[in-house]
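Here is the structure we will look at.
The values are calculated or read from the model by the stated rules, or taken from the named source; none is laboratory data. It should be emphasised that the depicted structure is a prediction, and the values quoted were computed from it without experimental measurement. A quick note on method: Cβ atoms are made from the backbone with ideal geometry, for glycine too, and the neighbour counts reach across all protein chains shown.
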Amino acid sequence: MSIAQVALALAFVIGLIVFSAWLVRRLSLLPMNNAQALRVVSGVMVGGKERVVVVEVEGRWLVLGVTASAVNLLHTMDAPEQIEPAPAAASSFAARLAVALQRKAP
């Protein structure tokens, strides 16, 4: 019976560690406040591990080249007054899923 207790306690501790890691990861993705100093505007893959990313910082857009080993500033420009956000693949999938679920609902 003592081996079962040890196994149960070990499973509980491992579960607690996994849950804590998930919780910390989940909470770190939330913005700390509404006035974020840094915002990713857009990004595109240009190679296997290379990206070009546009980041907004204090009303300026920075065009960055991002690789596995470095981040390089490619260009800077003033941010436009208002831009239309590009439709995300996840939101279009969510819309199609909602329509499909409504069709199947009795």
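Structure summary
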{"quantity": "Among the candidates 21, 95, 89, residue that is at pLDDT 75 or above and either under 17 Å from the mean Cα position of the chain (by Cα) or loosely packed, with under 10 Cβ neighbours inside 10 Å (or both)", "calculated": "21"}
{"quantity": "Criterion violated by residue 26 - all others in (1) assigned to a helix (DSSP H, G or I); (2) at pLDDT below 90; (3) surrounded by 10 or more Cβ atoms within 10 Å (Cβ to Cβ) satisfied", "calculated": "(3)"}
